[in-house]
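The values are calculated or read from the model by the stated rules, or taken from the named source; none is laboratory data. Predicted model only: the values in this text are computed from it and were never measured. Cβ atoms come from the backbone with ideal geometry, glycine included; neighbour counts cover every protein chain shown.
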Amino acid sequence: MNEAAKPPVPGIGLTAKYPEIDTGPCDTAIYHEPAVYAKELEAIFRRAWYMVGRVEQIPHAGDFFTCDLPTFRLEILVCRDRDGGVNAFHNVCSHRGTMVEHRAEGHSAGLFTCRFHGWSFDLNGKCAAVRDPEGFFDLDKGTLGLKPVALGIWEGFIFVSPVDEPPVSLADYLGEQGRDVAGYPWGACTQSYQFETEIGCNWKLVVDSPAEVYHIPVLHPNSAAPTMMASGNPFGRLLDVELKGPHRTNSHYSVMAEPKPVQKLAYFHAAAAQNVAQADRGYDLPRGINPARSPWWTVDLITFFPGLEFTLSAHMYTAHQVWPLGPNRSLYRQRVFVRPARTAAERFGQENSMVEFRDVVMEDLSTLERIQRALDTGRIRQFHFHDHELALRHQHHVVTRILADWDRRQGSEGQHGDA
Ligand code: FES
Ligand SMILES: [Fe+2]
């Protein structure tokens, strides 16, 4: 790389753009206290929408997949009906409550039949057949359908709500962030793989993990650092951070100056497959992606509060989902989406990106349980966030504000109730 092409080292000053965000140390109580966690479930998690899959998974009538919302222990069945609509139901039989559909995905000729006593339900959830109905007492089949789950579709992603009457619409939940990244070629990345793991830490630590790159040169010297940091960006600074209500975007910088030999092969011979965009800097992408329109852009981390993050380049993306299971326990699911490879070189580039990304995540996750152990002792009372750890400071700010509002509302309802 010649001198003229050398990128500037990104500066300090991200937090100053947002005067509502405090710059002092942050209290760590929200990362481990059981009472805080209980409140978060009500004030945050029951009010959110959750991405469970994509419409391409069920292109034809009768196609279905099953999934769960681990925080709420809810089993969900999603299917395509004969009118082309997408429906979601609690995957729970109305006879005695076992799971109706056990398979992860598949095609139904029109009925889902419970494997306990054989009741069946159609693609619209109606109870279609009860075995030996004469033996029951005044059964009204019309009331025995699968319980519908509130569902919304955004950019081909299927979202569901854990409550019967969502307090906000899906469009309002996604807000400005949803509008800013609409139009990305989500549907072109039709191939995917996923893994999940339970981690012994609070959900916010998992969300924080990819949300700062201050640690990359130190924690990821062989995986991410050679392409994302190198000598042009020794402190791992970001290009930009945009805060949008509870959501946010981190824009990442790359110099690609010091790739390892295999990285070089993968990135330079399969431009359209790589995680790090080299040829295409995303100028044609929606305004919310590479918002700075920087020639040094590589990937954005698009966050939808509380627990959905997309790492997204011009050519592929990864969905990270974080599910709280307790004050110091979380489930992490990662699903990578790529375009079908057209050449062996592209396939190689994709595989390299996926393996590299998996390695980065493994390096990250082992650190988190150690942090949680320290938090659980109650002896680490404050975090000190760097300017380029703004996303973490923002998450702390959002959670603290929501919990304070919740306390105020509960307090005033209590007062009205007492009156
Ligand atoms: S529990 Fe499903 S038919 Fe009995
Ligand atoms: Fe990391």
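Suppose we filter segment 242-263 for residues that are at pLDDT below 95 and in a strand (DSSP E or B); how many remain? I'd like the intermediate steps shown before the answer.
Of segment 242-263, the ones at pLDDT below 95 are 251-263.
This time we only want the ones that are in a strand (DSSP E or B), so: 251-253.
So the count comes out to 3.
Condition check ((1) in contact with a Phe, Trp or Tyr (Cβ under 6 Å, 6 or more places away or on another chain); (2) not in a helix (DSSP H, G or I)) across all residues:
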residue: S192; (1), (2): yes, yes
residue: F195; (1), (2): no, yes
residue: V206; (1), (2): yes, no
residue: N222; (1), (2): no, yes
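In segment 214-236, how many are modelled with pLDDT of 90 or more and either closer than 27 Å to D180 by Cα or within 16 Å of ligand 1 (Cβ to nearest atom) (or both)?
1
Those residues that are aromatic (F, W, Y), part of a loop (DSSP other than H, G, I, E, B) and more than 15 Å from P185 (Cβ to Cβ), I need them from segment 282-324; list them, please. Give the derivation first.
Filtering segment 282-324 down to residues aromatic (F, W, Y) leaves 283, 296-297, 304-305, 310, 317, 323.
Then drop every residue that is not part of a loop (DSSP other than H, G, I, E, B), which leaves 283, 296, 305.
Hits for segment 282-324 are W296, F305.
Does at least one position in segment 326-343 carry a residue that is without any contact (Cβ under 8 Å) to a residue 40 or more places away in the chain, surrounded by fewer than 19 Cβ atoms within 10 Å (Cβ to Cβ) and not basic (K, R)?
Looking for residues that are without any contact (Cβ under 8 Å) to a residue 40 or more places away in the chain, surrounded by fewer than 19 Cβ atoms within 10 Å (Cβ to Cβ) and not basic (K, R), one finds none in segment 326-343, hence no.
Please list, ordered by first then second residue, the pairs with beta carbon atoms under 8 Å, 6 or more apart or interchain, first in segment 354-373 and over 13 Å from I216 (Cα atoms), second at pLDDT 90 or above and near ligand 2 (Cβ under 10 Å from one of its atoms).
L365/S209; L368/S209
When you check V86 against the structure, is it hydrophobic (A, V, I, L, M, F, W, C), within 15 Å of ligand 1 (Cβ to nearest atom), within 30 Å of G187 (Cα to Cα) and not assigned by TED's automatic domain parsing to the domain that holds L331, yes or no? It would help to see each step written out before you state the result.
Values: hydrophobic (A, V, I, L, M, F, W, C): yes; within 15 Å of ligand 1 (Cβ to nearest atom): no; within 30 Å of G187 (Cα to Cα): yes; not assigned by TED's automatic domain parsing to the domain that holds L331: yes.
So V86 does not fit the description; no.
Would you confirm whether any residue within segment 8-20 is within 16 Å of ligand 1 (Cβ to nearest atom) and either basic (K, R) or in a loop (DSSP other than H, G, I, E, B) (or both)? Write out each step before concluding.
Applying the first criterion (within 16 Å of ligand 1 (Cβ to nearest atom)) to segment 8-20 yields none.
No, segment 8-20 contains no residue that is within 16 Å of ligand 1 (Cβ to nearest atom) and either basic (K, R) or in a loop (DSSP other than H, G, I, E, B) (or both).
If you check E389 against the conditions, is it within 16 Å of ligand 2 (Cβ to nearest atom), among the acidic types (D, E), at pLDDT below 95 and not assigned by TED's automatic domain parsing to the domain that holds R54? Write out each step before concluding.
Values: within 16 Å of ligand 2 (Cβ to nearest atom): yes; among the acidic types (D, E): yes; at pLDDT below 95: no; not assigned by TED's automatic domain parsing to the domain that holds R54: yes.
In short, no.
Evaluate segment 365-375: report whether one residue or more is surrounded by 11 or more Cβ atoms within 10 Å (Cβ to Cβ), under 23 Å from S330 (Cα atoms), in contact with a helix residue (DSSP H, G or I) (Cβ under 8 Å, 6 or more places away or on another chain) and among the small types (G, A, S).
Within segment 365-375, not a single residue is surrounded by 11 or more Cβ atoms within 10 Å (Cβ to Cβ), under 23 Å from S330 (Cα atoms), in contact with a helix residue (DSSP H, G or I) (Cβ under 8 Å, 6 or more places away or on another chain) and among the small types (G, A, S).
Only one of (1) more than 31 Å from the chain's Cα centre (by Cα); (2) without any contact (Cβ under 8 Å) to a residue 12 or more places away in the chain; (3) more than 16 Å from ligand 1 (Cβ to nearest atom) fails for G110. Which number is that?
With respect to (1) more than 31 Å from the chain's Cα centre (by Cα); (2) without any contact (Cβ under 8 Å) to a residue 12 or more places away in the chain; (3) more than 16 Å from ligand 1 (Cβ to nearest atom), G110 is out only on (2).
With the condition kept exactly as written, say whether any residue in segment 285-295 is crowded, with 19+ Cβ neighbours inside 10 Å, of a type in the set (A, V, I, L, M, F, W, C), closer than 19 Å to F195 by Cβ and modelled with pLDDT of 85 or more.
No.
If we only count strands (runs of 3 or more DSSP E) wholly inside segment 55-143, which ones have 1 or more residues that are touching a Leu at 6+ places or on another chain (Cβ under 8 Å) and crowded, with 18+ Cβ neighbours inside 10 Å? Explain how you work it out, then say what you get.
On the way: elements: 63-69, 74-80, 86-90, 105-107, 111-113, 120-122, 127-129.
Strands (runs of 3 or more DSSP E) meeting the threshold: 63-69, 74-80, 86-90, 111-113, 120-122, 127-129.
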